[in-house]
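**Q** My questions all concern the structure below.
Throughout, read-outs are computed from the coordinates displayed, never taken from laboratory work. Everything numeric here is computed off the predicted structure, so don't read it as measured data. FYI the Cβ positions are ideal-geometry reconstructions off the backbone, even for glycines, and counts take in every protein chain you see.
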Amino acid sequence: MNKRLTFTLLALIAAFSIALSACGPAATPTQAATQAPATQAPAPATAPAVTATTSAPAFGTANNPIVVAFEPSGTSQQITTGGQELLDLLSKQTGLTFKGIVPTSYAALTEAMGSGNAQIGWMATFGYIIAHQKGYADVALITNRFGSDHYGAQFLAAKSAGFTPAADTPATDAEVSTLLQFKGKKACFADPQSTSGYVIPLIFLKKAGLADADIPNPVFTGGHTQVVQALYNGGICDYGTTYVDARSSISKDHPDVNDKVVVIFQTKAIIPNDNMSYAPDMPQDLRDKITAAMLQIAGTDAGKKALNDLYQIGGLVKADDTVYDEFRSYLQASGLDLSQFVK
């Protein structure tokens, strides 16, 4: 019995040891599962960087076209047609692939430049100043119209509305009181970030003595052409603001526009023209190549037609950000709070 008891005890001990051995390794996968993330965590952070560097297609290829955002200052159809003419010429000149877009607003264009959704932007002056302040845009070319690289803003109204125009065009500083007749009247502005379609006119309205309450419920039409069209059609607003002279944007369809829509007040040419700018992710070699190509295109008959069809551009001039210094001083002196536009 003692031998059997001993044998039984030994058998139980052996079985218990085997059971412990079977359970023991189970702890190892648990530890591995716990430790694996610590060991493998750096891999995901490293892998995307390698993939982006080695496999992302270069800008200007069919798989990664250079996106050009056009400011929505006219009708979408007008800009799309003129823009495509220009991009076709630019592609032929550089061998690069481009894609044109028309953002829904000036602010949307600014954000497209900052988010990497556009590499080139055709930008209005005030929109550019905001974008540059945010680090989203660097000017390369400034446009020339009617022999000048600066322009003014104008206040328009239907002739039938009976407003009295200023005696001089452009108006003198003393004639700013002409704008007092717009007190309480409905305004059509182009866009909250349009230099000549809102910002400068607002400064002049305030200079004349009008308060915010004197400009009730203004309509933002989305562009200068739309302001002119609204005044021509009637029934939407009493007066509107645009660049000089935006009436020509609808003169083909409405030859009598200058008779029906008249200039009430026009500022001096204090605003630098709109420009072509690059987003921060655009490589310098491509900037140089495209800028040189644009200047060559602007000197050809086909290029002149495309630029005129796009924004009535008469030519292009190389520029850097210092061209806007004087205008920035003017904005500062006006007391306009730029922070309300930089969000």
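**Q** Using a simple charge model, +1 on the beta-carbon of Lys and Arg, -1 on the beta-carbon of Asp and Glu, nothing else, what dipole does the range 153-268 show about its Cα centre, in debye to the nearest 20?
**A** Dipole of the range 153-268, to the nearest 20 debye: 100 debye.
**Q** Okay, moving on. Counting only residues 5 or more places away or on other chains, whose amide H sits under 5 Å from the amide H of Val219 once H atoms are built in the peptide plane?
**A** The list, which skips near neighbours in sequence, is Ala187, Cys188, Phe189.
**Q** List the equivalent ellipsoid semi-axes of the range 153-268 in whole Å, largest first, each obtained as the square root of 5λ for an eigenvalue λ of the Cα gyration tensor.
**A** 20, 15, 13
**Q** Could I ask something else about it? Could you run the Karplus curve 6.51 cos²θ - 1.76 cosθ + 1.60 with θ = phi - 60° over the range 103-110 and give me ³J(HN,Hα) per residue in whole Hz, x for Gly and Pro?
**A** x, 6, 7, 5, 5, 5, 5, 4
**Q** Roughly speaking, what is the stretch gain from Ser248 to Asp301, that is 0.36 nm per residue apart minus the C-alpha to C-alpha distance, in nm to one decimal?
**A** Net length gain for the segment: 17.0 nm.
**Q** Then there is this: Can you list residues from other chains, or at least 5 along the same chain, whose modelled amide H is less than 5 Å from the amide H of Asn273?
**A** His150, Tyr151
**Q** Quick one: Met294, Met282, Met123, fewest Cβ neighbours within 10 Å first, how do they rank?
**A** Met282, Met294, Met123
**Q** Separation of the range 293-337 and the range 99-130 by C-alpha centroid, Å?
**A** 15 Å
**Q** Follow-up question, since we're still on this one. Near the amide H of Gly315, under 5 Å away, which other amide H atoms are found, from residues 5 or more places off or on another chain, if H is placed in the peptide plane?
**A** Asn144
**Q** What is the fewest-to-most order of Thr322, Thr221 by other Cβ atoms lying within 10 Å of their Cβ?
**A** Thr322, Thr221
**Q** What's the extension gain from Asp256 to Thr291 if we count 0.36 nm per residue and subtract their Cα-Cα distance?
**A** Gain on stretching Asp256 to Thr291: 8.7 nm.
**Q** Still on this structure, please answer the following. Listed here are the pairs Lys183/Lys268; Lys186/Lys252; Lys92/Lys260; Lys159/Lys304; which of them are more than 32 Å apart at the Cα?
**A** Checking Cα-Cα distances, Lys92/Lys260; Lys159/Lys304 exceed 32 Å.
**Q** For the range 307-320, in order, what is each residue's ³J(HN,Hα) by Karplus, 6.51 cos²θ - 1.76 cosθ + 1.60 with θ = phi - 60°, in whole Hz (x at glycine and Pro)?
**A** For the range 307-320, the Karplus-derived couplings read 5, 5, 5, 6, 9, 6, 7, x, x, 10, 9, 5, 8, 10 Hz, x marking Gly and Pro.
**Q** Now, a different point. Compute the distance in nm between two label points, each set 7 Å from the Cα along the Cα-to-Cβ direction, one at Ser334 and one at Asp173.
**A** Simple spin-label model gives 1.6 nm for this pair.
**Q** Which value, in Å to one decimal place, does the Kirkwood hydrodynamic radius take for the range 251-343 when every pair of different Cα atoms is included?
**A** 17.0 Å
**Q** When the dipole is taken about the Cα centre of the range 246-343, and only Lys, Arg (+1) and Asp, Glu (-1) are charged at their Cβ, what size is it in debye, to the nearest 20?
**A** 200 debye
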